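*Asks:* There's a structure below that I have some questions on.
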Amino acid sequence: MKRKHFITIGTFDGVHTGHRHLFSHLETLAAGALLKPLALYFPLPPKTLLSEHPEMSVLTLPKEKKRLLKAAGLPAEALDFKVCRDMPAQNFFGQTLLEKYQMGGILVGPDFALGKNRQGGIDFLRAECAKYKIPFSVADFYRAGGEKISSSLIRKVLAQGDIRLANTLLGRPYELSGVVVKGHKLGRKLGFPTANLDTGIYKILPLGVFAVKVRVGRTLYDGFCNIGFRPTVNTLHTVLPLVEVNIF
């Protein structure tokens, strides 16, 4: 069986400093094994897709994540959660990792598990890799100030409105992307025309007023962004914040 890739798997929501530390470790292991590094990821977190209330639950939308992974310089391929969710761990390991992605090594975090109902934990992976004589590594959590850097922590920090700390943990400014939609033109009447941005239901929106950089096409502008609650509700009957951007 051909072995080509040293693989890591995850959701990588936020593509934050902890993830990039993992990617660096992966590249080192891959080089040592004369393999190519490869990150397999889910475009949206499985918990979000399974939740009855998925609103405002992710740091990065699929297009954002794809771009950030590319910027990190790591080859990455998206996994289809609908295909993976009911696949037994043994099948996922054999059919997906060994056969499809030609795995020659794997690096995961301490809490990683794969397969239906997370059947394949660390002990399972260690045993399967030993059977096929494949290098298996478990990376420690990346910490800053003694605290584990995680997507959950950054979500919590954003919910508290601490954008500075969130940016530090992310290793970059938090970003929003979306489609400009028609508003009530109240800002224009007040002399501050704004663009109303529809970011979808999944993106976490910290409440407040922020100084921002706005990219339109290839041009970057200064501006400010106000995120507050709109008076209407969406089809899920959940009140979502309104994102209003003023470009200088």
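The values are calculated or read from the model by the stated rules, or taken from the named source; none is laboratory data. Computed from a predicted model, the values in this text were never measured in an experiment. Using ideal geometry, Cβ is built from the backbone for each residue, glycine included, and neighbour counts are taken over all protein chains shown.
*Asks:* Do the conditions hold for L40, that is, is it closer than 30 Å to V179 by Cα, modelled with pLDDT of 95 or more and not basic (K, R)?
*Replies:* Yes.
*Asks:* Scan the range 205-216 and report the pairs whose first residue is under 19 Å from L240 (Cβ atoms) and whose second residue is outside any strand (DSSP E or B), with Cβ atoms within less than 7 Å and a gap of 6+ or a chain change.
*Replies:* L205/M56; L205/T199; P206/L158; P206/G161; P206/I163; L207/G161; G208/G161; F210/I163
*Asks:* Condition first: under 18 Å from T11 (Cβ atoms), among the hydrophobic types (A, V, I, L, M, F, W, C) and at pLDDT 95 or above. Now tell me which residues in the range 120-156 satisfy that. If you could, list the steps in order and put the result at the bottom.
*Replies:* Step one: of the range 120-156, the residues under 18 Å from T11 (Cβ atoms) are 120-122, 125, 138-139, 141-142, 148-156.
Now drop any that are not among the hydrophobic types (A, V, I, L, M, F, W, C), which leaves 122, 125, 138-139, 141, 149, 153-154.
The answer is I122, L125, V138, A139, I149, L153, I154.
*Asks:* Look through L176, L107 and report the one residue that is crowded, with 16+ Cβ neighbours inside 10 Å, in contact (Cβ under 8 Å) with a residue 40 or more places away in the chain and in contact with a helix residue (DSSP H, G or I) (Cβ under 8 Å, 6 or more places away or on another chain).
*Replies:* L107
*Asks:* State whether one or more residues within the range 45-59 are at pLDDT 95 or above, surrounded by fewer than 19 Cβ atoms within 10 Å (Cβ to Cβ), of a type outside the set (A, V, I, L, M) and within 23 Å of A113 (Cβ to Cβ).
*Replies:* Checked the range 45-59: no residue is at pLDDT 95 or above, surrounded by fewer than 19 Cβ atoms within 10 Å (Cβ to Cβ), of a type outside the set (A, V, I, L, M) and within 23 Å of A113 (Cβ to Cβ).
*Asks:* Could you give me the residue pairs with C-beta distances under 9 Å whose first residue belongs to the range 80-94 and is under 15 Å from N117 (Cβ atoms), whose second residue is among the β-branched types (V, I, T) wherever it lies, and which are 6+ apart or on separate chains?
*Replies:* If the second residue must be among the β-branched types (V, I, T), the pairs left are C84/T96; M87/T96.
*Asks:* Considering only residues of the range 85-100 that are buried (at least 18 other Cβ atoms within 10 Å of the Cβ) and under 22 Å from the mean Cα position of the chain (by Cα), which is farthest from L35 (Cα to Cα)? Lay out the reasoning, then the answer.
*Replies:* Taking the range 85-100 first, the residues buried (at least 18 other Cβ atoms within 10 Å of the Cβ) are 89, 92-93, 96-98.
Checking the rest, the ones that are also under 22 Å from the mean Cα position of the chain (by Cα) come to 92, 96-97.
Numbers: F92: 21, T96: 17, L97: 14 Å.
Once the filter is applied, the top-ranked residue is F92.
*Asks:* So, one more: How about the range 55-72: which of its residues are within 15 Å of P173 (Cα to Cα) and polar (S, T, N, Q)?
*Replies:* T60
*Asks:* Between residues in the range 18-39 that are within 13 Å of A139 (Cα to Cα) and residues that are among the polar types (S, T, N, Q) and not in a helix (DSSP H, G or I), which pairs lie under 9 Å by C-beta distance while being six or more apart or on different chains?
*Replies:* Sorted first by the residue in the range 18-39, then by its partner, the pairs are G18/S150; L22/T8; F23/T8; H25/T8; H25/S137; L26/T8; L26/S137; L29/S137.
*Asks:* For residues that are within 19 Å of G104 (Cβ to Cβ) and part of a helix (DSSP H, G or I), tally how many sit in the range 25-58.
*Replies:* Qualifying residue count for the region: 8.
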